[in-house]
Structure formats: C-alpha cells, structure tokens
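Here's the structure, in structure tokens; my notes come after.
The values are calculated or read from the model by the stated rules, or taken from the named source; none is laboratory data. Note that the structure is predicted; figures quoted are calculated from it, not measured. Positions of Cβ are backbone-derived with ideal geometry, glycine not excepted, and every protein chain shown enters the neighbour counts.
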Amino acid sequence: MLQQVPLALQTYMLVYALFMLAAGLLIIKNYTRYQLFTPDYWRFIFTPVKIAIYIAGTLALLLPVNYLNLHSWDHTIALFQPFFTYLTAPWAVAVFYRTYKRRSPWDETFVACILLFFCGSWSVEIYLLFRDGFYMPDWLFNIPIGITCYVAAGLVWNIQWRNSQGRYAFIDNDEKHPR
C-alpha cells in the first residue's frame, strides 16, 4: 500500500504518527491533569442543547453525501469526524485560549494540537488510505478546512447562555480559576 505513496507523504505520515504516539503517551501519563478526562467535562458537553446541535450538524454532513460525489467524503467520515470533534473540540479550544493567555502547560497544548489535527484531518486521511489503498489526492487542501471546522465546532459547543447573554465557558472558567 505505501509503495503508491510518495516519499514526502510517507515522511508526513511518519511524523504525524510519531506526534500521535507522543500525544497518546502524554495522555496516559497526565490524563488526571487534563480536564478532557473529568466528569465535569463530560457533563458540560452532554447537555441536551449540545447534543441537539451535534445531531443536526452530523445530519447536515450525512444527508448530502450521496449528492456531492466527493472522493474524500462518505457516510463513514460524516459520522466519525463530527463524533471525534464533538468529544474533543470544546476542550481543545479552551486549551488554545489558555495557551494564548499563557496559562496552559506545554503538554496540554501539544495534546490539544494533535487532537485538532487528528480530528480535523489525519483521521480522514488514515481512513481513506485504508479504504482506497492510496493517499487522498487532496490531503493538503483538507487540512485547513478540517482545522477551521474543528475550531468552529469547539467555539459553538463552548457557548453558554446565562441571563440571555452568550459567553464562552472557557473564558468564564479562566476568570473563576486563573492559574
């Protein structure tokens, strides 16, 4: 299978595989420090409104699959990519905000970046490589689109409404619990 993949793409795949391995090891080592693995985070993302937005968004990605006739988009991708995004993007966007405010440790920022790339692009690239036996021809085009969608979803799922005002939960949490 990899004989059909140019050396530059093989190198790219090796680098992101190593990054994913490093992120996995950091998660195993530090998972108790990452809010992503706390019951509070799961209560935060599994609210009726967030679940409804997730379902509506996933349906919006699933329904046009048969009409778009895109090589790099099918029903399976339209199911797993939003699922991974729903589970991780709210946390990752909060980490990016804390990184911007210089309140996030490097390892947490690294894990959030790897999740961004995995959910936004690499998972699709890996799936298509195994599905088709060759690397997706538009892989480079897919990266900025996937990242933009991931960050946008993370922002949407971080909005909390209080007293008829929308605020980002990560800003509220940062104000309540500065590091």
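List of remarks:
- Of the residues making up the range 30-43, those that are touching a residue at least 40 places away in the same chain (Cβ under 8 Å), out of contact with any Ser or Thr (no Cβ under 9 Å at 6 or more places or on another chain) and in a helix (DSSP H, G or I) are N30, R33, Q35, Y41.
- Qualifying residue in the range 157-165 (condition: under 17 Å from Q81 (Cβ atoms), in a helix (DSSP H, G or I), modelled with pLDDT of 85 or more and among the hydrophobic types (A, V, I, L, M, F, W, C)): no
- Of the candidates Y41, Y54, the single residue that is within 18 Å of the chain's Cα centre (by Cα) and over 21 Å from T109 (Cα atoms) is Y54.
- Top-ranked residue in the range 73-103 [being touching a Phe, Trp or Tyr at 6+ places or on another chain (Cβ under 8 Å) and either small (G, A, S) or free of Cβ contacts under 8 Å to residues at least 12 places away in the same chain (or both); ranked as farthest from I171 (Cα to Cα)]: A89
- Residues satisfying the stated conditions in the range 93-141, i.e. buried (at least 22 other Cβ atoms within 10 Å of the Cβ), of a type in the set (G, A, S) and within 20 Å of V15 (Cβ to Cβ): A112, G120, S121
- Top-ranked residue of the range 58-92 - restricted to ones that are under 20 Å from L129 (Cβ atoms) and among the small types (G, A, S), ranked as surrounded by the most Cβ atoms within 10 Å (Cβ to Cβ): A78
- Residue within the range 19-28 that is closer than 14 Å to V111 by Cβ and outside any helix (DSSP H, G or I) present: no
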